[in-house]
Amino acid sequence: MMRAVVAINGEAEVRQVPEPVVEPNMILVRTICSAISPGTEIEMKKRAGETPVSLGYSAVGTVLQTGEGVTHVRPGDRVACYGAPYVKHAELLAVPKALAVPLPDSLSAEEAAFVGLGAIAIHGLRQAELQFGSKVTVVGLGILGQLTCQIAEAAGYRVYALDLLKERCSMLRRSGLQTVFASYEELEASLRTDYLVEGADAVILCAGGGGAELLNRSLGWLRDRGRIVIVGDMHAELSRELMFAKEAELRIARAGGPGRYDAAYEQDGVDYPVGFVRWTEGRNMYEYIRLLGERKIDVMPLISKKLPVDRAGEAYESYLSAPKETLGVLLTY
């Protein structure tokens, strides 16, 4: 048996659960630390009833054993892992080979543990189909929005960021980005006075909750034929008239990229040919690790606290009790 975090009756608890079994194309990992994804996990916790639900989907650990068909890592290697139901807040993980990326010695386990959110941020930007010099507005500067902005800046996009919490805006400015705004009016004024074409090529929504007002306001920020990409947990209610006026496009970013929820890719280890699917969720994970390794992005300032897994309930509560001070939280094992 091993310790794992589950949601039950609206609360997060640590329980003893059976250890995973290693199968072909799988890797057995002893967890070093795992990252909480607040948007997804807090909502799952809130909705949980009497049947326990596993929480978590992003972690770093040490390889203990590899199944048949695994060649890119070996016992003793550190790997970053992503993807429920394989990856969770638990002491041991059985991870498909496509969802485990080896770490260079230069990277800490803490910064690599956010690989799931990194892959999600990268896929959201890919869904926007931006080019060098494109303007992108990122709304919602929690841990996912912060990563999205840093990655967009590293890619050469012109980034405009918005969050109504000034503390989160200040944190992003400390990463070097200055076009960060704490009100709709400030953002809109900046987009209007740009010396190039007014408006953004894409708006990426990393916020959650009811989306009608924000979505329709976002349409006003777009250039003609721009895109809105929903990354956060948001309801999509749009004005047809506003979309028609811009011939705007609405897209959803599904997790970390192509391959997510595909049993052939994840369980059976059948990769997509790169000539047909350039960026799978696994390749997006590699890109996040590459950006960290080349110091193009900096995650360490985003880590608000590290807590032992036995204090998981306290970790989730911190997002509700101190939202201004809490961005990234890690559980350690």
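Between L242 and S321, what length comes free when the chain is fully extended (0.36 nm per residue of separation minus the Cα-Cα distance, one decimal in nm)?
24.7 nm
Between the range 93-121 and the range 53-83, what's the alpha-carbon centroid distance in Å? With the range 93-121 and the range 53-83 each reduced to a Cα centre, they are spaced 9 Å.
All other residues whose Cβ lies under 11 angstrom from that of R30 are scored, Lys and Arg at +1 and Asp and Glu at -1, for a net of -1.
Could you compute the net charge surrounding N9? Neighbours are other residues with a C-beta less than 12 Å from the C-beta of N9; K and R count +1, D and E count -1.
Numbers: positive: K45, K46, R47; negative: E11, E13, E50.
Spelling it out: positives minus negatives among the neighbours equals 0.
For the range 88-174, what is the accessible area per residue in Å² when the probe is 1.4 Å? Write down the numbers at each step before the final one.
Numbers: 2580 Å² over 87 residues.
Dividing the accessible area of the range 88-174 by its residue count gives 30 Å².
Charged side chains reduced to their Cβ positions (Lys and Arg at +1, Asp and Glu at -1) give the range 54-114 a dipole of some 160 debye around its Cα centre.
Which value, in debye to the nearest 20, gives the size of the charge dipole of the chain about its Cα centre, when Lys and Arg are +1 and Asp and Glu are -1 at the Cβ?
Numbers: 36 positive and 42 negative charges, 88 e Å.
My answer is approximately 420 debye.
Each label point was placed 7 Å from the Cα along the Cα-to-Cβ direction; for E129 and R278 their separation is 1.2 nm. Using 0.36 nm per residue and subtracting the Cα-Cα separation, the extra length available between E213 and R225 on full extension is 2.3 nm. When the chain is treated as a Gaussian network with alpha carbon springs shorter than 10 Å, the biggest mean-square fluctuation among S318, S190, S106 belongs to S106.
Between T71 and D233, full extension at 0.36 nm per residue minus the direct alpha carbon distance yields a gain of 54.7 nm. For G226, nonlocal amide neighbours, meaning residues 5 or more places apart or on other chains whose placed amide H falls under 5 Å from its own, are E249. Protein heavy-atom surface of the chain, 1.4 angstrom probe: 51% of the accessible area is carbon and sulfur, with nucleic acids and ligands not counted. Rounded to whole Å, give me the distance from the Cα center of the range 140-162 to that of the range 208-231. Result: 16 Å between the Cα centres. Restricting attention to the chain, lysine pairs at least eight places apart or on different chains and with alpha-carbon atoms under 23 angstrom apart total 19. Look at the dipole of the range 194-299 built from charges on Cβ: of Y261, I289, M243, the Cα furthest out on the positive end belongs to I289. Set Lys and Arg Cβ to +1 and Asp and Glu Cβ to -1, take the dipole of the chain about its Cα centre, and tell me which of I27, Q150, L222 lies farthest positive. The residue sitting most towards the positive pole is Q150.
Counting only DSSP beta bridges whose two residues both lie in the chain, roughly 55 percent are antiparallel. Remark: the range 1-87 carries a charge dipole of roughly 180 debye about the Cα centre, counting +1 on each Lys and Arg Cβ and -1 on each Asp and Glu Cβ. The simple spin-label model puts a point 7 Å past each Cα toward its Cβ; for K296 and T51 those points are separated by 4.2 nm.
The values are calculated or read from the model by the stated rules, or taken from the named source; none is laboratory data. Keep in mind that what you see is a predicted model, and the values were worked out from it rather than measured. Cβ atoms come from the backbone with ideal geometry, glycine included; neighbour counts cover every protein chain shown. These accessible areas exclude ligands, DNA and RNA; they are computed on the full protein's heavy atoms, side chains included. Shrake-Rupley method; radii C 1.70, N 1.55, O 1.52, S 1.80 Å.
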